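These notes are about the structure you will find just below.
The values are calculated or read from the model by the stated rules, or taken from the named source; none is laboratory data. This structure is a prediction, so every number in the text was calculated from the model and none was measured. Glycine gets a Cβ as well: all are built from the backbone with ideal geometry, and neighbour counts include every protein chain shown. For accessibility, only protein heavy atoms count, side chains too; no ligands or nucleic acids. Shrake-Rupley method; radii C 1.70, N 1.55, O 1.52, S 1.80 Å.
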Amino acid sequence: MEFVQNFPFISIVLSLFSGPLCSILSGKKAKWVNIAVITIIGLMSAAVLIFVISTGESYVYTMGHFPAPWGNEIRAGALEGFMAVFFCVVMLLCMIGGEREREIEIEEGKQNLYYVMVNLLLCSLLALIYTNDIFTAYVFVEINTISACGLIMIRQNGRTIEAATRYMIMSLLGSGLLLLGICFLYDITGQLLMSNIKEQVQILHMTKEYHIPLMVSLALMSVGLAIKSALFPFHAWLPDAYGYSTLSSAAILSSLVSKGYIFLLVKIFYRVIGFSTVRDSKVINVLFVFGIIGMIMGSVSAIKENNIRRMIAYSSVAQIGYIYMGFGLGTTAGVIASIYHIVSHTATKSLLFVAASGVTDASGESTNFFDLTGAGYRNKLAGVAFTVGSLSMVGFPMFSGFTSKLLFGQAAVESLHKMLPTLIALAISTILNAVYFMKTVIRIYTPEKKGVTEKKNFRVITMKDQPSKSVALICFIILNVILGMGSKPIVSLFETGLRMFA
């Protein structure tokens with residue numbers, strides 16, 4: 001075995017043990033440990049990705065060298081390596097971009113606790129990406145939930161505590177359904193390793209034995225993870241959680257946490273059940289319907305909002321709908337479009353939250369829509385960044401959102417029975433996206449009236465005033481353009497990764 005093949009396990013262990021380490025350090029030292037850990041893990045994940053691409057096949061790492069069914073396994077392929085690298089890059093930029101807000105909004109004695117939660121969250125995301133054991137995945141789903149809840153309520157005001165409570169209630173409901181589904185699946189297959197479960201499921205599918213319990217298990221796991229990833233109508237916790245938590249928390253929650261659950265669902269579809277079995281089960285039809293409803297209703301709710309952060313939060317409901325709609329098409333092209341949208345939304349939503357923070361900083365810390373008048377002139381970089389993110393969400397060429405919507409359209413054409421509703425939903429959702437994002441862009445570039453600047457405590461912010469946030473914004477803009485203009489090799493990588501999954 002090559003040494004690089006140990007990196008997924010080392011990454012999980014490193015992030016896991018760096019959490020307790022941060023608890024005994026000061027806030028400043030914990031911050032540097034956190035940045036170092038994310039950077040090191042990102043580099044190790046890149047090495048894994050390069051190794052897998054060079055060999056052309058995935059590999060299994062058996063922990064403790066115990067064979068199934070007693071042993072636990074990690075499985076690394078092209079898709080896992082890419083997601084690990086990408087998640088580390090986005091998390092690092094979110095932490096850099098939100099540095100100023102963390103120092104202001106989090107009590108000094110609790111800042112090290114914040115980095116404990118971030119490290120544990122990274123650990124859980126890596127485990128969800130790499131694990132080949134379905135019960136281990138459930139354990140880290142719970143670690144992910146607890147860490148995310150801590151990131152929401154660390155700010156310690158009434159709204160964040162309420163938001164954390166709502167998040168915990170909905171997450172526990174989703175976790176309970178996921179656990180029930182895993183228990184049913186273990187009962188009928190006698191296996192916990194994903195690849196072993198799939199072998200048994202294929203036999204059961206051909207013999208039609210335990211067909212109903214198998215379908216119930218698939219439905220429970222799908223609905224459980226849909227609830228945890230805020231698919232409409234299970235999104236009631238989302239606006240407050242994203243809207244009132246500190247900037248880094250909002251950016252990480254919106255871009256990474258829900259995507260970890262969705263990535264686990266992709267693994268269940270391909271590596272646990274088998275996508276042909278999932279397609280025959282008709283469960284994807286339910287996901288398709290709720291995905292389309294979420295695309296529309298999330299955008300409608302965003303249009304009604306006058307708070308910029310809550311508007312971006314409701315936009316996430318619509319974008320999650322896109323992902324589930326792609327799954328619901330029941331084709332490989334639809335799944336690839338959804339995976340690409342996971343990446344696109346991860347990069348763009350983080351960009352929007354950090355940019356929105358920049359324009360509100362220049363507007364007397366107000367998130368009210370009308371107070372943002374002229375903010376694009378007062379904070380030029382944040383204004384440009386928010387415009388780039390908005391154009392990406394609408395689907396403007398050159399940016400990542402255009403590519404993902406194009407992939408959805410191409411996938412819809414391959415699904416004859418679902419082509420028309422998919423294309424109509426894409427058109428309506430795109431128009432609604434343009435309504436609330438473009439009106440915000442117009443607002444931040446509308447010159448304010450004379451005398452308002454002094455009255456509202458507005459101020460001009462340059463890149464030198466907020467260097468960390470400026471670096472994060474520039475990197476997010478570059479990342480978005482790369483995803484928009486260099487999509488062909490990324491899509492090819494996803495196709496290779498899905499073949500390795502199967």
By how many degrees, between 0 and 90 and to the nearest 10, does the Cα long axis of helix 134-153 differ from the longest principal axis of the chain? 10
Between helix 7-23 and the chain: long-axis angle, C-alpha atoms, 0 to 90°, nearest 10: 50
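So if each residue of separation counts as 0.36 nm, and I subtract the Cα-Cα distance between Ser54 and Val286, what length gain in nm does that give? Could you put the intermediate results ahead of the total?
On the way: separation 232, 0.36 × 232 = 83.52 nm, distance 3.87 nm.
Stretched out fully, the Ser54 to Val286 stretch lengthens by 79.6 nm.
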In bins 5 Å wide, starting from 0, what share of all Cα pairs of segment 205-361 does each bin hold, as a percent? 2, 10, 19, 22, 17, 12, 8, 5, 3, 1, 1, 0, 0
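Can you sort Glu73, Glu199, Glu80 by solvent-accessible area, 1.4 Å probe, largest first?
Details: Glu73 30, Glu199 115, Glu80 0 Å².
Listed by decreasing accessible area, they come as Glu199, Glu73, Glu80.
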Degrees separating the helix 380-394 axis from the principal Cα axis of the chain, which is the longest one: 40
Could you give the C-alpha radius of gyration of segment 11-113 expressed as a fraction of 2.2 N^0.38 Å, taking N as the number of residues it contains? 1.32
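GluC sites (Glu not before Pro) within segment 406-502: which are DSSP loop residues with at most 15 other Cβ atoms inside 10 Å? List each step's numbers first, then the result.
Values: sites: Glu414, Glu448, Glu454, Glu495; in loops: Glu448.
Sites meeting the loop and neighbour criteria: none at all.
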Give the calculated FRET efficiency between Ile203 and Leu180 to the nearest 0.05, with a Förster radius of 25 Å applied to their Cβ-Cβ distance. 0.65
Value in Å of the Kirkwood radius, where segment 308-444 supplies the Cα pairs that are averaged: 15.3
Fraction of accessible area attributable to carbon and sulfur, segment 196-291 (%, probe 1.4 Å): 67
Spin-label pair Glu142/Ile40, simplified geometry with 7 Å Cα→Cβ offset, distance in nm: 2.8
Give me the aspartates and glutamates in straight-line cross-link reach of Lys29: C-alpha distance below 12 Å, same-chain residues under 8 apart excluded. none
So Val460 and Ile10, fully extended at 0.36 nm per residue minus their Cα-Cα distance, gain in nm 157.5 nm
Tell me, what is the percent relative contact order of the chain, built from C-alpha pairs under 8 Å that lie six or more residues apart? 15
Integer Hz, Karplus 6.51/-1.76/1.60 couplings in order for segment 97-112, x for Gly and Pro: x, x, 4, 4, 5, 4, 5, 7, 8, 9, 4, 4, x, 10, 5, 5
Sorting check: for 211-221, 264-274, which peptide has the highest mean count of neighbouring beta carbons within 10 Å, and how do the rest follow? 264-274, 211-221
